[in-house]
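Only one structure is covered here, and it is reproduced in the block below.
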Amino acid sequence: MRMIFIGPPGAGKGTQAARLVERLAIPHISTGDMFRAAVKAGTPLGKQAKACMDKGELVPDEVTIGLVKERIAQADAQEGFMLDGFPRTLPQAEALDEALDQPLDAVVLLEVPDDLIVERIVGRRSDPETGAIYHLKFNPPPAEVMGRLKHRADDTEEACRNRLGVYHGQTAPIIPFYEGKGLVKRVDGVGSADEVTERIRAALGR
Ligand code: AMP
């Protein structure tokens with residue numbers, strides 16, 4: 001199973017990918033997580049990525065494409081993978097096509113209206129120890145983890161509005177690209193995480 005998740009920031013891509021990979025037994029490859037790890041490690045890639053990420057802009061295509069090509073060439077990705085947050089531009093989608101020796105099986109498009117996105121993003125918190133993603137109102141964290149939760153630097157209202165603009169301007173054009181290949185499965189991303197997981201399973205037939 002070679003699949004990708006597309007959707008605006010805060011659509012639930014990361015949450016849903018983490019729920020599905022175990023069942024599908026494929027690696028979850030999140031470019032956002034890879035960039036955040038590089039920022040934390042203070043590598044040259046991390047320094048370059050941080051400047052773009054904090055503003056809600058995209059990391060340049062050549063950097064991102066190189067990173068993903070390297071990752072999907074690794075042994076654990078040969079039987080399949082779930083890409084979360086990549087591709088985000090048409091050149092990235094084309095480069096992925098060229099890099100794969102077998103075609104993608106599915107593109108899941110998680111749809112959430114813009115007016116829900118800002119509230120979802122601004123209340124989002126993650127647990128650095130377990131990687132779990134919570135929302136202060138919609139998916140409240142247990143009291144015992146509250147003290148260690150992190151708020152992403154790009155989960156502010158301003159950066160979020162930029163990221164939404166980038167999504168509509170640069171990422172949305174990849175939807176017709178994949179629609180032309182008959183791969184897109186549109187899934188309503190509004191509802192509880194369990195409801196959305198069920199919809200994705202039904203759409204994938206797994
Ligand atoms: P995410 O965790 O997927 O929301 O990604 C966080 C940030 O990482 C984005 O706002 C971008 O700055 C950067 N990023 C992640 N994936 C990509 C990508 N495919 N292309 C360019 N930048 C990316």
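Odds and ends about this structure:
- Residue match in the stretch 62-73 (condition: within 23 Å of Ile200 (Cβ to Cβ), open to solvent by 60 Å² or more (accessible area, probe 1.4 Å) and part of a helix (DSSP H, G or I)): no
- Pairs, first under 14 Å from Gly85 (Cα atoms) and at pLDDT below 95 in the stretch 106-121, second among the polar types (S, T, N, Q) and open to solvent by 20 Å² or more (accessible area, probe 1.4 Å), C-beta under 9 Å, six or more apart: none
- Residue ID - nearest to Asp155 (Cα to Cα), chosen from residues in the stretch 38-55 that are surrounded by 14 or more Cβ atoms within 10 Å (Cβ to Cβ) and hydrophobic (A, V, I, L, M, F, W, C): Met53
- Meets criteria (open to solvent by 30 Å² or more (accessible area, probe 1.4 Å) and either under 14 Å from the mean Cα position of the chain (by Cα) or small (Gly, Ala, Ser) (or both)) for Leu58: yes
- Residues of the stretch 94-115 that are in a strand (DSSP E or B) and either loosely packed, with under 14 Cβ neighbours inside 10 Å or not hydrophobic (A, V, I, L, M, F, W, C) (or both): Glu111 alone.
- Filtered by the rule that a residue be closer than 22 Å to Pro91 by Cβ and near the ligand (Cβ under 8 Å from one of its atoms), the stretch 35-54 gives Phe35, Ala49, Cys52, Met53.
- Applying the criterion of being within 10 Å of the ligand (Cβ to nearest atom) and in a strand (DSSP E or B) to the residues of the stretch 5-34, the residue that is farthest from Tyr167 (Cα to Cα) is Ser30.
Residues are listed down the side, and each one gets a yes or a no for (1) within 16 Å of the ligand (Cβ to nearest atom); (2) touching a strand residue (DSSP E or B) at 6+ places or on another chain (Cβ under 7 Å); (3) closer than 30 Å to Leu90 by Cβ:
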{"position": "Ser126", "(1), (2), (3)": "yes, yes, yes"}
{"position": "His135", "(1), (2), (3)": "yes, yes, no"}
{"position": "Pro142", "(1), (2), (3)": "no, no, no"}
{"position": "Ala153", "(1), (2), (3)": "yes, no, yes"}
{"position": "His168", "(1), (2), (3)": "yes, no, yes"}
{"position": "Phe177", "(1), (2), (3)": "yes, no, yes"}
{"position": "Arg186", "(1), (2), (3)": "no, yes, yes"}
{"position": "Glu198", "(1), (2), (3)": "no, no, no"}
{"position": "Ala203", "(1), (2), (3)": "no, yes, yes"}
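The values are calculated or read from the model by the stated rules, or taken from the named source; none is laboratory data. Quick caveat, the model's predicted, so the values are computed rather than measured. All Cβ positions, glycine included, derive from the backbone under ideal geometry; neighbour counts span all protein chains shown. Surface areas here come from the heavy atoms of the whole protein model, side chains and all, with no ligands, DNA or RNA. Shrake-Rupley method; radii C 1.70, N 1.55, O 1.52, S 1.80 Å.
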